[in-house]
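Asker: One structure is given below, represented as structure tokens, and several questions about it will come after.
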Amino acid sequence: MAFLAQRLSLIKPSPTIAVTQKARDMKAAGRDVIGLGAGEPDFDTPENVKEAAIAAIRRGDTKYTAVDGTPALKAAISGKFKRENGLDYEADQITVGSGGKQVIYNALLATVEPGDEVIVPAPYWVSYPDIALLCGGKPVFVPCSQNNLFRLRPEDLEAAITPKTKWLILNSPSNPTGAVYSAAELKALAEVLLKHPQVWVLTDDMYEHVLYDDREFATMAQVEPRLYERTLTVNGVSKAYCMTGWRIGYGGGPSPLIKAMAKLQSQSTTNPSSISQAAAVEALNGPQHFIAEHNKVFRERRDLVVSMLNQAPGLACSTPEGAFYVYPSCAGAIGKKTPQGKTIANDGDFVAYLLEAEGVAAVQGAAFGQSPFFRISYATSTEALREACMRIKRACAALV
Ligand SMILES: Cc1ncc(COP(=O)(O)O)c(C=O)c1O
């Protein structure tokens, strides 16, 4: 009898975490490595947020809290949904977990029966398929073309829906492509969903605030109120507030679902850190000016990276409208040979070559369900990005 459970063979360790760790290990071994794998802002958590956490410790907010969030944090989240999204969620419609990842995990574990289908537009965030698989579900991938800026088309959604479809997962702005859905585009998808009342929508709005070029954010429950009763709106403080390590994510949705998710959390991790919750209250209620300041820097970096990568032979990089990733095609490098004589057969070989030859750590498109591409996170210093893009250009030029 095997010791490890069979379900573990269904999933793989997060490829983005794996690349980040590999880059860390190589650096520790003395190699000159630029890590572009991690999806976290290089900016520090704002001071007022840190102070709120310190005050919480001093006040003695160091005990268990309500499982799915303190009343103060739920009130702050409710206020945020109303203010920024025009959405009404009361305390019993809000859940707080240790990161958006846990919220998504709870939602699927609470609802997915063996064989239920979860539609995942590709390219996708690496964790959606594996969470669905762990919960006994079947991820159904719908390829989204680069020509349509990696956005799901209504006709492709329609074709993917079956009587077994339980969820559609939407993510805008997208990790890994930076694609953003307009209200009109969401509305067109909603028209399809309205015909299929068994399908719920999990909208992952984690990058809501990381938007460029005057794009306006839209989310499904706001755009189509008739879907409100079957939408889970997921968000968090990791990205916009530079709080990846604090582990606070949240969701708004129908109270029976929220209650089921709390039941699960009560038997797994209990409440998220009381101190992080106090910090998240300050993040949501406190000054927001730094978000625009960060976006200005991100936009400059985006423009730098897109323009430098488009000068690299074999690469084609479209300009993303949100998040802090680019997802260039490396189709022009496939089939070529490295100076060491190794053929680049796929995007996995391409990123391995970048790491070996130039010490640049990126993530292969295969990890996100669409090849031949690779993902670069530009949430790192401008100097490091400039150097990394120069190295990528050099590596591409050396291919024959
Ligand atoms: C699209 C997307 N959703 C959710 C998450 C999870 O964020 P966290 O668990 O830090 O809240 C991430 C993090 O990388 C992400 O990129």
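Every read-out reported here was derived from the displayed coordinates using simple, explicitly stated rules and does not represent laboratory data. Given the structure is predicted, the values throughout are model-derived calculations rather than measurements. Every residue, glycine as well, gets a Cβ built from its backbone with ideal geometry; the counts of neighbours run over all protein chains shown.
Asker: Local charge sum around Ala55 (other residues, Cβ-Cβ under 14 Å, Lys/Arg +1, Asp/Glu -1)?
Answerer: It works out to a net charge of -1.
Asker: Got a sec? Which residues in segment 107-147 would a label at Gln6 touch, if it sits 7 Å along Cα→Cβ and we count backbone N under 15 Å?
Answerer: 114-115, 134-137, by backbone N distance to the label point.
Asker: Could you list Glu224, Glu216 in order of exposure, starting from the residue whose Cβ has the fewest other Cβ atoms within 10 Å?
Answerer: Lowest count first: Glu216, Glu224.
Asker: Report, in debye and to the nearest 20, how large the dipole of segment 62-172 comes out about its Cα centre when Lys and Arg carry +1 and Asp and Glu carry -1 on their Cβ.
Answerer: 360 debye
Asker: Neighbouring Cβ atoms within 10 Å as the yardstick, rank Met206, Met1, Met26, Met243 fewest first. Intermediate values should be presented prior to the final figure.
Answerer: Numbers: Met206 27, Met1 2, Met26 17, Met243 24.
Starting with the residue having the fewest Cβ neighbours, the order is Met1, Met26, Met243, Met206.
Asker: Using only the Cα atoms, work out Rg/Rh for the chain, with Rh taken as the Kirkwood radius, to two decimals.
Answerer: 0.97
Asker: Sticking with this one: Starting from the Cα of Ala28, step 7 Å along the direction of its Cβ; do the same at Ser268; then give the gap between the two resulting points in nm.
Answerer: The answer from the label model is 2.8 nm.
Asker: Relative to the Cα centre, what is the charge dipole magnitude of the chain, using +1 at the beta carbon of each Lys and Arg, -1 at the beta carbon of each Asp and Glu, and rounding to the nearest 20 debye?
Answerer: Its charge dipole is roughly 800 debye.
Asker: In the chain, with Lys and Arg counted as +1 and Asp and Glu as -1 at Cβ, which of these residues, Met220, Leu304, Gly348, has the Cα nearest the positive end of the dipole, that is, farthest along it?
Answerer: Gly348
Asker: By count of other Cβ within 10 Å, fewest leading, how are Phe217, Phe3, Phe81 ordered?
Answerer: Phe3, Phe217, Phe81
Asker: Moving on. Just report the Cα centroid separation between segment 198-263 and segment 118-155, whole Å.
Answerer: Comparing the Cα centres of segment 198-263 and segment 118-155, I get a distance of 17 Å.
Asker: Okay, next question. Give a residue-ordered list of calculated ³J(HN,Hα) values for segment 97-109 (Karplus: 6.51 cos²θ - 1.76 cosθ + 1.60, θ = phi - 60°; whole Hz; x for Gly, Pro).
Answerer: Going residue by residue, I get x, 7, x, x, 4, 5, 4, 5, 4, 4, 4, 6, 5 Hz, with x marking Gly and Pro.
Asker: To continue, here is another question. So what are the ³J(HN,Hα) numbers for segment 151-162, from phi and the Karplus equation (6.51, -1.76, 1.60; θ = phi - 60°), rounded to whole Hz, Gly and Pro as x?
Answerer: 9, 5, 9, x, 5, 6, 5, 3, 5, 8, 6, 10
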